[in-house]
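K.L.:
Sharing a structure, written as C-alpha coordinates. Questions coming.
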Amino acid sequence: MTRLHRNVNIAAVVLPFAALLIAAYVLWGHGLSWVDVGLTIGMYMLTGLGITVGYHRMLTHRAFQTSKPVEYFFASAGSMAVQGSPIEWVADHRKHHAHTDEEGDPHSPHAGFAGGGVGNALRGLFHAHVGWLWVNEGRAGARKYAPDLLEDPGMRRISKAFPYFVLASLAIPTVLGGLITWSWQGALSGLLWAGFVRIFFLHHITWSVNSVCHFLGSRPFEIDDKSGNVAWLAIFSMGEAWHHNHHAFPRSAVHGLRSWRQIDITASVIYLMEKTGLIWNVVRITPERQAQKLVGANPPAKQRTPVAAGD
(Lines give C-alpha, C1' and ligand atoms only; values in the text may rest on other atoms or scores of the structure.)
Protein backbone atom coordinates (compact mmCIF):
# COMPACT_ATOMS: atom_id res chain seq x y z
CA MET A 1 0.00 0.00 0.00
CA THR A 2 1.38 3.42 -0.95
CA ARG A 3 1.66 6.22 1.59
CA LEU A 4 -0.94 8.24 -0.34
CA HIS A 5 -3.40 5.32 -0.27
CA ARG A 6 -2.87 4.90 3.47
CA ASN A 7 -3.30 8.62 4.15
CA VAL A 8 -6.51 8.71 2.10
CA ASN A 9 -7.88 5.76 4.10
CA ILE A 10 -6.93 7.44 7.38
CA ALA A 11 -8.75 10.58 6.26
CA ALA A 12 -11.79 8.48 5.29
CA VAL A 13 -11.94 7.20 8.87
CA VAL A 14 -11.09 10.43 10.71
CA LEU A 15 -13.15 13.02 8.78
CA PRO A 16 -16.58 11.34 9.21
CA PHE A 17 -15.79 10.89 12.93
CA ALA A 18 -14.93 14.58 13.25
CA ALA A 19 -18.19 15.39 11.46
CA LEU A 20 -20.07 13.23 13.96
CA LEU A 21 -18.65 15.31 16.82
CA ILE A 22 -19.67 18.52 15.05
CA ALA A 23 -23.13 17.08 14.36
CA ALA A 24 -23.54 16.16 18.04
CA TYR A 25 -22.73 19.76 18.99
CA VAL A 26 -25.17 21.13 16.40
CA LEU A 27 -27.87 18.70 17.55
CA TRP A 28 -27.41 19.76 21.17
CA GLY A 29 -27.75 23.43 20.31
CA HIS A 30 -30.21 23.54 17.43
CA GLY A 31 -31.94 20.18 17.00
CA LEU A 32 -32.34 18.06 13.90
CA SER A 33 -34.77 18.85 11.08
CA TRP A 34 -36.99 16.32 9.27
CA VAL A 35 -35.20 17.28 6.06
CA ASP A 36 -31.91 16.12 7.59
CA VAL A 37 -33.51 12.90 8.82
CA GLY A 38 -35.07 12.13 5.45
CA LEU A 39 -31.94 12.88 3.46
CA THR A 40 -29.76 10.86 5.84
CA ILE A 41 -32.02 7.79 5.73
CA GLY A 42 -32.40 8.08 1.96
CA MET A 43 -28.65 8.36 1.32
CA TYR A 44 -27.97 5.56 3.83
CA MET A 45 -30.38 3.22 2.05
CA LEU A 46 -29.13 4.12 -1.44
CA THR A 47 -25.43 3.72 -0.69
CA GLY A 48 -25.94 0.85 1.76
CA LEU A 49 -27.86 -1.18 -0.81
CA GLY A 50 -25.13 -0.28 -3.28
CA ILE A 51 -22.81 -2.27 -1.01
CA THR A 52 -25.11 -5.12 0.03
CA VAL A 53 -27.00 -5.72 -3.21
CA GLY A 54 -24.34 -4.42 -5.57
CA TYR A 55 -20.79 -4.90 -4.34
CA HIS A 56 -21.50 -7.96 -2.20
CA ARG A 57 -24.28 -10.24 -3.37
CA MET A 58 -24.26 -9.24 -7.06
CA LEU A 59 -20.62 -8.54 -7.97
CA THR A 60 -18.68 -10.59 -5.42
CA HIS A 61 -20.83 -13.72 -5.23
CA ARG A 62 -22.98 -13.54 -8.38
CA ALA A 63 -26.08 -14.44 -6.36
CA PHE A 64 -28.28 -13.37 -9.26
CA GLN A 65 -28.07 -12.20 -12.85
CA THR A 66 -29.14 -8.84 -14.21
CA SER A 67 -28.66 -6.40 -17.05
CA LYS A 68 -25.62 -4.15 -17.37
CA PRO A 69 -27.55 -0.94 -16.60
CA VAL A 70 -28.77 -2.40 -13.29
CA GLU A 71 -25.30 -3.75 -12.51
CA TYR A 72 -23.69 -0.37 -13.20
CA PHE A 73 -26.34 1.46 -11.16
CA PHE A 74 -25.62 -0.59 -8.05
CA ALA A 75 -21.85 -0.39 -8.60
CA SER A 76 -22.20 3.41 -8.77
CA ALA A 77 -24.37 3.52 -5.64
CA GLY A 78 -21.85 1.30 -3.84
CA SER A 79 -19.04 3.65 -4.87
CA MET A 80 -20.89 6.47 -3.08
CA ALA A 81 -20.64 4.50 0.17
CA VAL A 82 -16.95 5.52 0.15
CA GLN A 83 -15.62 2.02 0.83
CA GLY A 84 -13.39 1.72 -2.21
CA SER A 85 -13.92 1.08 -5.89
CA PRO A 86 -15.99 -1.97 -6.92
CA ILE A 87 -13.00 -3.85 -8.34
CA GLU A 88 -10.88 -3.34 -5.20
CA TRP A 89 -13.77 -4.13 -2.84
CA VAL A 90 -14.72 -7.32 -4.67
CA ALA A 91 -11.09 -8.53 -4.85
CA ASP A 92 -10.60 -7.95 -1.11
CA HIS A 93 -13.84 -9.73 -0.23
CA ARG A 94 -13.18 -12.73 -2.46
CA LYS A 95 -9.74 -13.05 -0.86
CA HIS A 96 -11.45 -12.93 2.54
CA HIS A 97 -13.58 -15.92 1.54
CA ALA A 98 -10.59 -17.78 0.11
CA HIS A 99 -8.65 -17.46 3.40
CA THR A 100 -11.34 -16.85 6.03
CA ASP A 101 -9.82 -16.42 9.51
CA GLU A 102 -6.51 -17.83 8.27
CA GLU A 103 -3.25 -16.34 7.08
CA GLY A 104 -4.06 -14.25 4.01
CA ASP A 105 -7.46 -13.01 5.19
CA PRO A 106 -7.31 -9.22 4.77
CA HIS A 107 -9.46 -8.45 7.82
CA SER A 108 -9.74 -11.38 10.20
CA PRO A 109 -9.74 -10.65 13.95
CA HIS A 110 -8.07 -14.04 14.47
CA ALA A 111 -5.32 -14.58 11.87
CA GLY A 112 -2.09 -13.21 13.34
CA PHE A 113 -3.61 -12.62 16.77
CA ALA A 114 -3.37 -16.08 18.31
CA GLY A 115 -2.36 -16.74 21.87
CA GLY A 116 -5.51 -15.75 23.72
CA GLY A 117 -5.91 -12.98 26.24
CA VAL A 118 -7.82 -9.70 26.22
CA GLY A 119 -4.94 -7.81 24.58
CA ASN A 120 -4.77 -10.07 21.54
CA ALA A 121 -8.56 -10.08 21.22
CA LEU A 122 -8.72 -6.27 21.23
CA ARG A 123 -5.87 -5.97 18.75
CA GLY A 124 -7.57 -8.48 16.47
CA LEU A 125 -10.89 -6.65 16.67
CA PHE A 126 -9.24 -3.31 15.93
CA HIS A 127 -7.42 -4.77 12.94
CA ALA A 128 -10.61 -6.35 11.55
CA HIS A 129 -12.60 -3.15 12.09
CA VAL A 130 -10.33 -0.37 10.81
CA GLY A 131 -6.67 -1.37 11.15
CA TRP A 132 -6.69 -3.45 7.99
CA LEU A 133 -7.60 -0.34 5.97
CA TRP A 134 -4.12 1.02 6.64
CA VAL A 135 -2.32 -2.22 5.80
CA ASN A 136 -4.26 -4.60 3.52
CA GLU A 137 -7.13 -2.71 1.86
CA GLY A 138 -6.95 -2.81 -1.92
CA ARG A 139 -3.95 -5.16 -1.98
CA ALA A 140 -5.76 -8.30 -3.14
CA GLY A 141 -4.72 -8.89 -6.73
CA ALA A 142 -7.63 -7.96 -8.98
CA ARG A 143 -6.29 -10.16 -11.78
CA LYS A 144 -6.47 -13.14 -9.45
CA TYR A 145 -9.62 -12.36 -7.46
CA ALA A 146 -11.72 -10.16 -9.76
CA PRO A 147 -10.77 -10.95 -13.39
CA ASP A 148 -14.43 -10.83 -14.47
CA LEU A 149 -14.70 -7.20 -13.38
CA LEU A 150 -11.40 -6.26 -14.98
CA GLU A 151 -12.70 -7.60 -18.29
CA ASP A 152 -15.78 -5.35 -18.09
CA PRO A 153 -15.05 -1.90 -19.62
CA GLY A 154 -17.98 -0.30 -17.80
CA MET A 155 -16.84 -1.61 -14.43
CA ARG A 156 -13.30 -0.39 -15.10
CA ARG A 157 -14.65 3.09 -15.84
CA ILE A 158 -16.74 3.13 -12.65
CA SER A 159 -13.72 2.01 -10.61
CA LYS A 160 -11.49 4.69 -12.14
CA ALA A 161 -14.16 7.31 -11.43
CA PHE A 162 -14.32 6.39 -7.72
CA PRO A 163 -13.05 9.82 -6.49
CA TYR A 164 -15.86 11.52 -8.42
CA PHE A 165 -18.43 9.23 -6.81
CA VAL A 166 -17.05 10.25 -3.41
CA LEU A 167 -17.61 13.88 -4.33
CA ALA A 168 -21.12 13.05 -5.58
CA SER A 169 -21.82 11.26 -2.28
CA LEU A 170 -21.27 14.59 -0.50
CA ALA A 171 -22.62 16.93 -3.20
CA ILE A 172 -26.03 15.25 -3.63
CA PRO A 173 -27.25 15.76 -0.03
CA THR A 174 -25.72 19.24 0.02
CA VAL A 175 -27.59 20.34 -3.10
CA LEU A 176 -30.83 18.64 -2.04
CA GLY A 177 -30.65 20.16 1.44
CA GLY A 178 -30.15 23.60 -0.05
CA LEU A 179 -32.94 23.24 -2.60
CA ILE A 180 -35.50 21.79 -0.19
CA THR A 181 -34.92 24.48 2.47
CA TRP A 182 -33.84 27.13 -0.02
CA SER A 183 -31.01 28.15 2.30
CA TRP A 184 -27.27 27.74 2.67
CA GLN A 185 -27.88 26.48 6.22
CA GLY A 186 -29.93 23.62 4.76
CA ALA A 187 -27.13 22.85 2.31
CA LEU A 188 -24.52 22.71 5.07
CA SER A 189 -26.81 20.62 7.26
CA GLY A 190 -27.37 18.17 4.39
CA LEU A 191 -23.61 17.91 3.89
CA LEU A 192 -23.05 17.30 7.59
CA TRP A 193 -25.81 14.76 8.32
CA ALA A 194 -26.62 13.00 5.04
CA GLY A 195 -23.03 13.36 3.87
CA PHE A 196 -20.36 12.84 6.52
CA VAL A 197 -22.41 11.43 9.42
CA ARG A 198 -24.16 8.97 7.11
CA ILE A 199 -20.76 7.82 5.78
CA PHE A 200 -19.53 7.39 9.37
CA PHE A 201 -22.42 5.14 10.39
CA LEU A 202 -22.42 3.10 7.19
CA HIS A 203 -18.66 2.59 7.43
CA HIS A 204 -18.78 1.31 11.00
CA ILE A 205 -21.79 -0.92 10.41
CA THR A 206 -20.01 -2.52 7.42
CA TRP A 207 -16.75 -2.85 9.34
CA SER A 208 -18.62 -4.41 12.28
CA VAL A 209 -19.53 -7.31 9.98
CA ASN A 210 -15.78 -7.85 9.53
CA SER A 211 -14.97 -7.57 13.23
CA VAL A 212 -17.96 -8.29 15.48
CA CYS A 213 -19.45 -10.97 13.20
CA HIS A 214 -16.19 -12.92 13.25
CA PHE A 215 -15.97 -12.74 17.02
CA LEU A 216 -19.52 -13.06 18.35
CA GLY A 217 -22.79 -14.65 17.34
CA SER A 218 -24.52 -17.98 16.84
CA ARG A 219 -23.01 -20.66 14.59
CA PRO A 220 -25.65 -23.23 13.60
CA PHE A 221 -23.82 -24.62 10.56
CA GLU A 222 -20.83 -26.91 10.29
CA ILE A 223 -18.13 -24.69 8.73
CA ASP A 224 -14.45 -24.15 9.47
CA ASP A 225 -14.29 -20.38 10.12
CA LYS A 226 -15.39 -18.28 13.11
CA SER A 227 -18.15 -16.25 11.45
CA GLY A 228 -21.30 -15.68 13.54
CA ASN A 229 -24.88 -14.45 13.19
CA VAL A 230 -25.36 -11.22 15.18
CA ALA A 231 -29.07 -10.41 15.38
CA TRP A 232 -28.83 -6.89 16.86
CA LEU A 233 -26.69 -5.78 13.91
CA ALA A 234 -28.93 -7.26 11.22
CA ILE A 235 -31.32 -4.37 10.58
CA PHE A 236 -28.61 -1.68 10.45
CA SER A 237 -26.50 -3.86 8.11
CA MET A 238 -29.58 -4.67 5.99
CA GLY A 239 -29.13 -8.41 6.54
CA GLU A 240 -25.34 -8.67 6.26
CA ALA A 241 -24.97 -9.53 9.95
CA TRP A 242 -26.43 -13.01 9.32
CA HIS A 243 -22.81 -13.54 8.46
CA HIS A 244 -22.44 -17.15 9.55
CA ASN A 245 -25.30 -18.09 7.24
CA HIS A 246 -23.49 -16.25 4.45
CA HIS A 247 -20.23 -18.12 5.03
CA ALA A 248 -22.10 -21.41 5.10
CA PHE A 249 -23.72 -20.61 1.73
CA PRO A 250 -21.69 -17.78 0.10
CA ARG A 251 -23.67 -17.66 -3.18
CA SER A 252 -27.05 -17.40 -1.52
CA ALA A 253 -28.91 -14.18 -2.31
CA VAL A 254 -30.67 -14.55 1.05
CA HIS A 255 -28.63 -14.31 4.27
CA GLY A 256 -31.55 -14.32 6.70
CA LEU A 257 -32.34 -17.97 6.09
CA ARG A 258 -34.99 -18.30 8.81
CA SER A 259 -37.60 -16.24 6.97
CA TRP A 260 -39.17 -13.44 9.05
CA ARG A 261 -37.21 -14.35 12.18
CA GLN A 262 -33.97 -13.23 10.50
CA ILE A 263 -34.74 -9.83 8.99
CA ASP A 264 -32.84 -9.33 5.74
CA ILE A 265 -33.73 -6.02 4.06
CA THR A 266 -31.35 -6.71 1.18
CA ALA A 267 -33.05 -10.03 0.43
CA SER A 268 -36.43 -8.23 0.39
CA VAL A 269 -35.10 -5.73 -2.17
CA ILE A 270 -33.74 -8.60 -4.26
CA TYR A 271 -37.15 -10.33 -4.07
CA LEU A 272 -38.91 -7.18 -5.33
CA MET A 273 -36.38 -6.77 -8.13
CA GLU A 274 -36.93 -10.38 -9.15
CA LYS A 275 -40.71 -9.94 -9.20
CA THR A 276 -40.39 -6.86 -11.43
CA GLY A 277 -38.05 -8.66 -13.83
CA LEU A 278 -34.99 -6.53 -13.08
CA ILE A 279 -32.99 -9.60 -12.00
CA TRP A 280 -33.25 -13.34 -12.57
CA ASN A 281 -31.62 -16.70 -11.74
CA VAL A 282 -31.60 -15.79 -8.04
CA VAL A 283 -29.61 -18.31 -5.96
CA ARG A 284 -31.52 -19.70 -2.97
CA ILE A 285 -30.66 -22.53 -0.61
CA THR A 286 -33.31 -25.20 -0.07
CA PRO A 287 -34.30 -26.17 3.48
CA GLU A 288 -33.04 -29.70 2.76
CA ARG A 289 -29.56 -28.44 1.87
CA GLN A 290 -29.52 -26.21 4.94
CA ALA A 291 -30.48 -29.15 7.16
CA GLN A 292 -27.61 -31.23 5.77
CA LYS A 293 -25.10 -28.62 6.93
CA LEU A 294 -26.43 -28.06 10.46
CA VAL A 295 -24.07 -28.84 13.33
CA GLY A 296 -24.59 -32.48 14.28
CA ALA A 297 -26.52 -33.31 11.12
CA ASN A 298 -23.78 -35.67 9.94
CA PRO A 299 -22.16 -37.23 13.02
CA PRO A 300 -19.07 -39.32 12.38
CA ALA A 301 -19.71 -43.00 11.94
CA LYS A 302 -19.28 -45.00 15.14
CA GLN A 303 -16.09 -47.02 15.23
CA ARG A 304 -16.61 -50.69 15.90
CA THR A 305 -14.86 -51.96 18.99
CA PRO A 306 -12.18 -54.46 17.97
CA VAL A 307 -13.09 -58.00 18.99
CA ALA A 308 -10.30 -59.87 20.75
CA ALA A 309 -9.30 -63.21 19.35
CA GLY A 310 -11.27 -66.02 20.92
CA ASP A 311 -14.26 -63.82 21.91
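K.L.:
Select from segment 196-229 the residues that are aliphatic (A, V, I, L, M) and over 14 Å from the mean Cα position of the chain (by Cα) and write down the one among them that is nearest to residue 77 (Cα to Cα).
P.N.:
Start the filter on segment 196-229 by keeping residues that are aliphatic (A, V, I, L, M), which leaves 197, 199, 202, 205, 209, 212, 216, 223.
Now narrow it down to the ones that are over 14 Å from the mean Cα position of the chain (by Cα): 197, 216, 223.
On the way: 197: 17, 216: 30, 223: 32 Å.
Result: 197.
K.L.:
Something else about it: In segment 178-212, what residues are within 19 Å of residue 231 (Cβ to Cβ) and among the small types (Gly, Ala, Ser)? Give the steps one after another, and end with the answer.
P.N.:
First, pick out the residues of segment 178-212 that are within 19 Å of residue 231 (Cβ to Cβ): 201, 204-212.
Residues satisfying the conditions are 208, 211.
K.L.:
If you take the residues of segment 134-168 that are hydrophobic (A, V, I, L, M, F, W, C) and in a loop (DSSP other than H, G, I, E, B), which of them is nearest to residue 77 (Cα to Cα)?
P.N.:
First, the residues of segment 134-168 that are hydrophobic (A, V, I, L, M, F, W, C): 134-135, 140, 142, 146, 149-150, 155, 158, 161-162, 165-168.
In the following step, the residues that additionally are in a loop (DSSP other than H, G, I, E, B) were identified as 135, 140, 146, 161.
Values: 135: 25, 140: 22, 146: 19, 161: 12 Å.
Restricting to residues being hydrophobic (A, V, I, L, M, F, W, C) and in a loop (DSSP other than H, G, I, E, B), the top hit is 161.
K.L.:
Only residues that are without any contact (Cβ under 8 Å) to a residue 60 or more places away in the chain and not aliphatic (A, V, I, L, M): list them for segment 1-26, please.
P.N.:
Residues satisfying the conditions are 2, 3, 7, 25.
K.L.:
For segment 283-290, does any single residue satisfy the condition of being crowded, with 16+ Cβ neighbours inside 10 Å, under 22 Å from the mean Cα position of the chain (by Cα) and part of a helix (DSSP H, G or I)?
P.N.:
No - not one qualifying residue is present in segment 283-290.
K.L.:
Mind telling me which of the residues 82, 90, 53, 70 ends up being crowded, with 16+ Cβ neighbours inside 10 Å and in a loop (DSSP other than H, G, I, E, B)?
P.N.:
On the way: 90 fails: in a loop (DSSP other than H, G, I, E, B); 53 fails: in a loop (DSSP other than H, G, I, E, B); 70 fails: in a loop (DSSP other than H, G, I, E, B).
That would be 82, the only listed residue that is crowded, with 16+ Cβ neighbours inside 10 Å and in a loop (DSSP other than H, G, I, E, B).
K.L.:
Another question, then. So which of 122, 59 ends up being in a helix (DSSP H, G or I) and over 23 Å from residue 252 (Cβ atoms)? Show your work before the answer.
P.N.:
On the way: 59 fails: over 23 Å from residue 252 (Cβ atoms).
Only one candidate qualifies: 122.
K.L.:
Something else: Give the residues of segment 213-223 that are surrounded by fewer than 23 Cβ atoms within 10 Å (Cβ to Cβ) and either touching a residue at least 60 places away in the same chain (Cβ under 8 Å) or farther than 26 Å from residue 249 by Cβ (or both), sorted by residue number.
P.N.:
Within segment 213-223, the subset surrounded by fewer than 23 Cβ atoms within 10 Å (Cβ to Cβ) is 215-223.
Result: 215, 219, 220, 221, 222, 223.
K.L.:
Restricting attention to segment 213-223, does a residue exist that is of a type in the set (S, T, N, Q), out of contact with any Phe, Trp or Tyr (no Cβ under 7 Å at 6 or more places or on another chain) and within 14 Å of residue 39 (Cβ to Cβ)?
P.N.:
Filtering segment 213-223 for residues of a type in the set (S, T, N, Q) gives 218.
Within this subset, residues satisfying the condition of being out of contact with any Phe, Trp or Tyr (no Cβ under 7 Å at 6 or more places or on another chain) are 218.
Next cut, within 14 Å of residue 39 (Cβ to Cβ) only: none.
No.
K.L.:
Oh, and also: Considering segment 24-57 alone, what residues qualify as being in contact with a helix residue (DSSP H, G or I) (Cβ under 8 Å, 6 or more places away or on another chain) and at pLDDT below 85?
P.N.:
26, 32
K.L.:
Do you know which of the residues in segment 134-173 that are under 24 Å from residue 6 (Cα atoms) and charged (D, E, K, R) is surrounded by the most Cβ atoms within 10 Å (Cβ to Cβ)?
P.N.:
137
K.L.:
Still on this structure, I have one more. Starting from residues that are of a type in the set (A, V, I, L, M) and surrounded by 15 or more Cβ atoms within 10 Å (Cβ to Cβ), keep the ones in segment 176-190 and report whichever is farthest from the chain's Cα centre (by Cα). Give the steps one after another, and end with the answer.
P.N.:
At the first step, the residues of segment 176-190 found to be of a type in the set (A, V, I, L, M) are 176, 179-180, 187-188.
Checking the rest, the ones that are also surrounded by 15 or more Cβ atoms within 10 Å (Cβ to Cβ) come to 176, 180, 187-188.
Details: 176: 26, 180: 31, 187: 29, 188: 28 Å.
Per the criteria, the residue is 180.
K.L.:
Filter segment 221-271 down to residues that are closer than 27 Å to residue 40 by Cβ and small (Gly, Ala, Ser), then give me how many there are.
P.N.:
Residues meeting the conditions: 8.
K.L.:
Can you report the number of residues in segment 102-118 which are among the charged types (D, E, K, R) and surrounded by fewer than 20 Cβ atoms within 10 Å (Cβ to Cβ)? Show your work before the answer.
P.N.:
Step one: list which residues in segment 102-118 are among the charged types (D, E, K, R), which gives 102-103, 105.
Then drop every residue that is not surrounded by fewer than 20 Cβ atoms within 10 Å (Cβ to Cβ), which leaves 102-103.
Qualifying residue count for the region: 2.
K.L.:
Which ones in segment 8-23 are closer than 15 Å to residue 129 by Cα and of a type outside the set (A, V, I, L, M, F, W, C)? Write out each step before concluding.
P.N.:
If we filter segment 8-23 for residues that are closer than 15 Å to residue 129 by Cα, which is where we start, we get 9-10, 12-14, 17.
Answer for segment 8-23, where residues must be closer than 15 Å to residue 129 by Cα and of a type outside the set (A, V, I, L, M, F, W, C): just 9.
K.L.:
Among the numbered criteria (1) closer than 23 Å to residue 53 by Cα; (2) at pLDDT below 95, which single criterion is violated by residue 310?
P.N.:
Going through (1) closer than 23 Å to residue 53 by Cα; (2) at pLDDT below 95 one by one, residue 310 breaks only (1).
K.L.:
Of the numbered conditions (1) under 21 Å from residue 216 (Cβ atoms); (2) in contact with a Phe, Trp or Tyr (Cβ under 7 Å, 6 or more places away or on another chain), residue 102 satisfies every one except a single condition; which is it?
P.N.:
So the condition that residue 102 fails would be (2).
The values are calculated or read from the model by the stated rules, or taken from the named source; none is laboratory data. This is a predicted model, so every value here is computed, not measured. In this analysis, Cβ positions are derived from the backbone assuming ideal geometry, glycine residues included, and neighbour counts consider all displayed protein chains.
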